[in-house]
Amino acid sequence: MVSDEKISSSLRKGLAEFCVLAILRSGSTYGLDMARRLEKDGLIAGESTLYPLMTRLQASGLVESAWTSSPSGRPRKYYTLSPTGVEALESFERIWPPLRNAVDRTLGEETANET
């Protein structure tokens, strides 16, 4: 039997990168701030989940990063959406609603067939 956590984890993995791109649409963001927001929403398990994702997004050319001085002392790495990332996010935003609706319809049909 497949656990709820395994299903949830698989779904989050596929969606987290687009949620990161959506967050970055507003402007440059510090990794820890992003991790806290995504963790609060249940999209990632924590900081240790975010940084490998950010490395993949950077390698794919979807995000860019830069080190910036911080008033607290240590420099911080800020991430920014690249032009390719903007295109990927726009594609996701076109694809997601019909896909979500198709899944919802299918789940609804299955529920209706059970009654």
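Run the simple label-point estimate for Thr84 and Arg100 please: 7 Å along Cα→C-beta, distance reported in nm.
Rounded to a tenth, the inter-label distance reads 2.7 nm.
What FRET efficiency comes out for the pair Ser70/Glu47, r = Cβ-Cβ distance, R0 = 22 Å, nearest 0.05?
E(calc), rounded to 0.05, equals 0.85.
Please sort through the DSSP H helices of the chain and keep those with an alpha-carbon extent of at least 24 Å along the long axis and a Kyte-Doolittle average not below -1.0.
On the way: long enough: 4-24 (29 Å, 0.56); 83-114 (46 Å, -0.68).
Membrane-span-like by this rule: 4-24, 83-114.
In what sequence, highest mean first, do 18-25, 2-9 appear when ranked by Cβ atoms within 10 angstrom?
Result, highest mean first: 18-25, 2-9.
Using only Cα atoms, figure out Rg for the chain and give it as a multiple of 2.2 N^0.38 Å.
Details: Rg = 17.1 Å, N = 115, 2.2 N^0.38 = 13.4 Å.
Here the answer is 1.28, to two decimals.
Which net charge results for the neighbourhood of Gly85, defined as the other residues with beta-carbon distances under 14 angstrom from its beta-carbon, given Lys and Arg at +1 and Asp and Glu at -1?
-3
Along the charge dipole of the chain, Cβ charges K/R +1 and D/E -1, which of Ser70, Gly108, Pro97 sits furthest on the positive end?
Value computed over the given set: Ser70.
Please get the size of the charge dipole for the range 4-114, origin at its Cα centre, with Cβ charges of +1 on Lys and Arg and -1 on Asp and Glu, quoted in debye to the nearest 20.
560 debye
Quick check: pseudo-label points 7 Å beyond the Cα along Cα→Cβ at Arg56 and Leu107, how many nm apart are they?
2.2 nm
Laboratory data are not the source of any read-out in this text; all were calculated from the coordinates shown. Please read these numbers as outputs of a predicted model, since none were measured by experiment. As a convention, Cβ positions derive from the backbone with ideal geometry for all residues, glycine included, and neighbour counts pool all protein chains shown.
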